[in-house]
Amino acid sequence: AWVDEMSPELPVHRSFILPSGGLAASTLHVARTVCRRAERSLVPLLDDIDSETFAFVNRLSDFLFVAARWTAKVHGATEKIYVHHQGRVTEFDK
């Protein structure tokens, strides 16, 4: 899968990444958020839809995240890391 091929090339992320990394990467991040919203809207329908449909939307959002990070890396752009307004670190940073 493309996600599995692109992921090893990326630095490990331990914090939340904000939409950044240039126009293409940012656009992919926004597409991922739309896809995640669609995924959440499918949850109440889980008994009525094919489980493969839900899995597809989940994997699509994963792909868009990795594609955004990969695009930023290829373009030499910096990813912006979320820092809480009080300077607290996320669970990923511990």
Which label in (1) 3, 12, 24, 24, 19, 11, 6, 1, 0; (2) 3, 15, 26, 27, 19, 7, 2, 0; (3) 3, 13, 19, 20, 18, 14, 8, 4, 1 gives the computed P(r) over Cα pairs in 5 Å bins from 0, in percent:
(3)
Pair residue 80, residue 27: separation of 7 Å Cα→Cβ label points (nm):
1.9
Taking 0.36 nm per intervening residue step and subtracting the Cα-Cα distance, what contour gain separates residue 37 from residue 15 on full extension?
5.9 nm
Listed highest first by mean packing, meaning other Cβ atoms within 10 Å per residue, what order do 42-50, 75-83 come in?
75-83, 42-50
Tilt relative to the chain, helix 51-74 - C-alpha long axis, 0 to 90 degrees, to 10
20
Tilt of helix 23-42 relative to the longest C-alpha principal axis of the chain, in degrees (0 to 90, nearest 10)?
30
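Every read-out reported here was derived from the displayed coordinates using simple, explicitly stated rules and does not represent laboratory data. In this text the structure is predicted, and so the values were computed from the model without any measurement. A quick note on method: Cβ atoms are made from the backbone with ideal geometry, for glycine too, and the neighbour counts reach across all protein chains shown.
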